[in-house]
Each structure stands twice: as structure tokens, then as C-alpha cells.
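Shown next, in C-alpha cells, is the structure this report addresses.
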Amino acid sequence: DTAVSQTPKYLVTQMGNDKSIKCEQNLGHDTMYWYKQDSKKFLKIMFSYNNKELIINETVPNRFSPKSPDKAHLNLHINSLELGDSAVYFCASSQDLGDGNQPQHFGDGTRLSIL
Amino acid sequence: DAKTTQPPSMDCAEGRAANLPCNHSTISGNEYVYWYRQIHSQGPQYIIHGLKNNETNEMASLIITEDRKSSTLILPHATLRDTAVYYCIPSGWISYGKLTFGQGTILTVHP
């Protein structure tokens, strides 16, 4: 059973297009995250949601819009894709924010390539 | 965000213990020390975390110094599958659970 699943695994598209990446977790967790790993392998948080409410928004361009229809899903929609958006995007989840004593579980990533 | 310092790379022979150090001298009192690893092309994998006491699970042991300024992750019997980038990350409620990944340590386990 996949705990945190992302679709698609690979996404190749043209500059200027709009695309979405979906994330689902079956762990019953309250908090979900999006991270970006660039070509230099730096992993950086983008967003986090707790119970469908936005908690963290790390100065991400407003072309990126997360949407959480329910606690088990956190999708990432990207408008007007740019070359610099090429990266691997990871979704993660944790039980709750609490006192920070909750490890995060990551998906396998979505590899986005902009032509 | 607490800053961390880890050696860029380490080598270990298969079957031997791998001891990965991390300096986190600016850690806040309520931040846990988390360790994750990333095996090539996969998502980060949680290993272990602790606040003050040493911790052990089926994957590893975590030794935290009394002043909490540094810690060591111990893989007791390293295997080739443990070759990965290992990250030490202070995190807690003060940062809303955010994980700030540094450069980590590339651990290579040799046959």
C-alpha cells in the first residue's frame, strides 16, 4: 500500500502551459506539504496545509496554487510554466503540527520537465 | 531556522557501523533533531528523531549530546542499500513542522 502517492510520476510539457500534480495520502494525517528539489538537488519547502488550511507559503510565485479538497489530498496547480520550474516536486504528510514531534512521510516525486 | 553542519561525504565498509555527525549549535529548546535520507531518485525517507534522549529504532540509533548542539546517527551494520544522502534537520512547532534541508552527507557504503 502506497502511503503518499503522487501523479503523474513524470510530466513533460511546453513553456507557458498550465499543469497540475496530484497528491493523496492514506495515512489519516492532518498535515500535507509540497517540496521542490531543483537541479542542484536542494530540497525546499513550498507549502503546507493543516486540515485544509494553508499554514506555510514560502515566497512561492503566485503561479503556483495549492488546493486541498480534503485532508487526504493536496494538489499543486502551476500556471504559465517557465523553464525554471523544471524540478522534482515531492509531496509529504504528517500526523499533525502538534509540538513538532511528527515525522513526515514523502511520496516518490513528480519529475517536471519544461521544454 | 537552525543551521546545521554535516560533512559533505563519508565512506563506510559494508557490515561496519556508519557514524554520521551533525552540528546544530543554534537549535531551539523545543526543536527535535530529525534524520532523513534520500536514496537516489527517491523521496526522502524518515529515519529517526529525538529531543534530548538517545533514541533507537529498527533502522538506526541517534545520540544527542547533553547540550543538544550536536548529534550522531549510527547505522549499526551498514549495507550497500544504505548508500544515500543523509540529512540532519532541527524542526519543531516553532517552524510549523517545516523541514529545512541542507546539503547533507553523501554516505557511500563499499563492498
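The values are calculated or read from the model by the stated rules, or taken from the named source; none is laboratory data. Worth saying up front: this structure is predicted, and the values here are computed from it rather than measured. FYI the Cβ positions are ideal-geometry reconstructions off the backbone, even for glycines, and counts take in every protein chain you see. Remember, those area values only see protein heavy atoms, side chains included, never the ligands or the DNA or RNA. Shrake-Rupley method; radii C 1.70, N 1.55, O 1.52, S 1.80 Å.
Consider segment A:93-115 and keep the residues that are free of Cβ contacts under 8 Å to residues at least 60 places away in the same chain and not polar (S, T, N, Q). The one that is farthest from the other protein chains (Cβ to nearest Cβ) is A:98. Please indicate, with yes or no, whether at least one residue in segment A:91-103 is modelled with pLDDT under 95, assigned to a loop (DSSP other than H, G, I, E, B), open to solvent by less than 30 Å² (accessible area, probe 1.4 Å) and within 22 Å of residue B:40 (Cβ to Cβ). Yes. Looking across segment B:36-45, the residues that are surrounded by 18 or more Cβ atoms within 10 Å (Cβ to Cβ) and either in a strand (DSSP E or B) or touching a helix residue (DSSP H, G or I) at 6+ places or on another chain (Cβ under 9 Å) (or both) come down to B:36, B:37, B:38. Every residue in segment B:63-94 that is among the basic types (Lys, Arg) and assigned to a helix (DSSP H, G or I), please. Answer for segment B:63-94, where residues must be among the basic types (Lys, Arg) and assigned to a helix (DSSP H, G or I): just B:81.
Part of a loop (DSSP other than H, G, I, E, B), open to solvent by less than 20 Å² (accessible area, probe 1.4 Å) and not aliphatic (A, V, I, L, M), is that true of residue B:97? Answer is yes for this residue. Scanning segment B:31-55 for residues that are at pLDDT below 95, facing chain A (nearest Cβ under 7 Å) and more than 11 Å from residue B:68 (Cα to Cα) returns a single hit, B:42.
Checked against (1) closer than 18 Å to residue B:45 by Cα; (2) among the basic types (Lys, Arg); (3) over 13 Å from the mean Cα position of the chain (by Cα), residue A:9 passes all but a single condition, namely (3). When segment A:47-92 is filtered for residues that are within 24 Å of residue A:113 (Cβ to Cβ), out of contact with any Cys (no Cβ under 8 Å at 6 or more places or on another chain), of a type in the set (A, V, I, L, M, F, W, C) and in contact (Cβ under 8 Å) with a residue 40 or more places away in the chain, the ones remaining, listed by number, are A:78, A:81, A:83, A:87, A:88, A:90, A:92.
Residue B:29 meets all of the listed conditions (1) open to solvent by 20 Å² or more (accessible area, probe 1.4 Å); (2) in contact (Cβ under 8 Å) with a residue 40 or more places away in the chain but one, namely (2).
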